[in-house]
Structure formats: structure tokens, C-alpha cells
Amino acid sequence: MPESAAPVETSPNIIVVSHGRQTVWWVLSVLLAIFVTAVVSRQDRSLLPSAWGQANAPVAGAGARGIYAFTGQVSAKSYGLFMMDVDNGTVWCYELQRGTTGEPQMKLVAARSWIYDRFLEEFNVADPVPTAVKSLIQQQRTGQTPGTNSAVMASPQPAAQPSAGPTQRPSIVAPGLPGASGRQ
């Protein structure tokens, strides 16, 4: 090739960078900002909302309602599901067992209503029974020592009030106990 020929002009290598990836990050950032703004600016709830189960909770002090379930050991080698219905005053227990082909089964092993149990005051209790404790407290309030009256455990009768005189010790009254009047 002759040298007089015009030189071939080569164009510089041009690299095209696609901005598509950067656009995705901008879109994600904007969506995240919108989401955070929506969560923070909610007017119907506080910044730290309560759990879903607490949203419809009864008024404080009204007591628990509904059916509660919890697991526990029924015997040395078996476990069960204990359920309590607070509204109806019942408790029952299912024992988890294996069926004839090995499939797990639940067997009802016990059920009871406690509606009337709560009215019992002294059933299957060890000494000192509640009436004996009441007598001891009444004796303490009157200034007697518990050893001076030997019939405390046998008789739930309250101790006699001593006559007011200059030698009487002031009695200590515990507020909230039965018979507490607040006077000394």
C-alpha cells in the first residue's frame, strides 16, 4: 500500500455504561422511605404498638377471660395438654398417647369444675388451718402470747378483749386483715 494513501482513522473505543442498575437502587430507596414514613406517621397507634393479642384485651382490672391451654407432665412417662375455661370455671386435661398403629392420640383423663370449690375454706389443709391462724392473729392483737391459751388449735373462737387500763400494751393492727378496725 502506498504511503500517500490517507490514513485510516480509527475511532476510540467507547464504553457505554447502563444506568439500569442504579435506577433499581433509587426505586428501592424511595419505596423504603415511603414505607418508613407510613409506619412512623400512623396516628391511630403509638410508635411501639402492642401485640395483636393485646389489642382487644379487656379493661385492666376486669380479669382474664377465655380458654387457656398449657402443657405439662401427667405421669412419669407421659405429658398432656391442660385447658382452663375461665368463663365457665372448668379445667380439663388430655393425655398424649400412641394409638394401636402408633399414631398420636389425645385421651381425656380428667375434668373438673371449680365453681363451688372456691367457696370451701378448709378442705384437706394441714395445720395450722385458717381458723387457727385467725385465732392466733386475734390473740396477738389483744396482747396475749400464743402459748397462754392451749385451746387455740381446737377452738376457732376469738380471744376475749382485755379491759382498757394503764398497764395494757398498745396492740398492733394490721390493715387489711379480718377484724382490723384501724384503732389501737
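The values are calculated or read from the model by the stated rules, or taken from the named source; none is laboratory data. What you see is a predicted model, and the numbers here were worked out from it, not measured in a lab. All Cβ positions, even for glycine, are placed from backbone atoms using ideal geometry, and neighbour counts span all protein chains on display.
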### Message
Going by what's in this entry, would R98 be described as among the charged types (D, E, K, R) and within 23 Å of A64 (Cα to Cα)?
### Response
no
### Query
What pairs can you find where one residue is in segment 75-90 and assigned to a loop (DSSP other than H, G, I, E, B), the other is among the charged types (D, E, K, R), and their Cβ atoms are less than 9 Å apart, with a gap of 6+ or different chains?
V86/R65; D87/R65; G89/D117; G89/R118
#### Entry: Scan of segment 23-68 for residues that are modelled with pLDDT of 80 or more and under 30 Å from W92 (Cα atoms), ordered by number
R65, G66, I67, Y68
### Message
Given the criteria at pLDDT 90 or above and in a strand (DSSP E or B), does L96 qualify?
### Response
yes
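Can you go through R65, R118 and tell me which one is in a helix (DSSP H, G or I) and exposed (fewer than 12 other Cβ atoms within 10 Å of the Cβ)?
Just one listed residue meets the conditions, R118.
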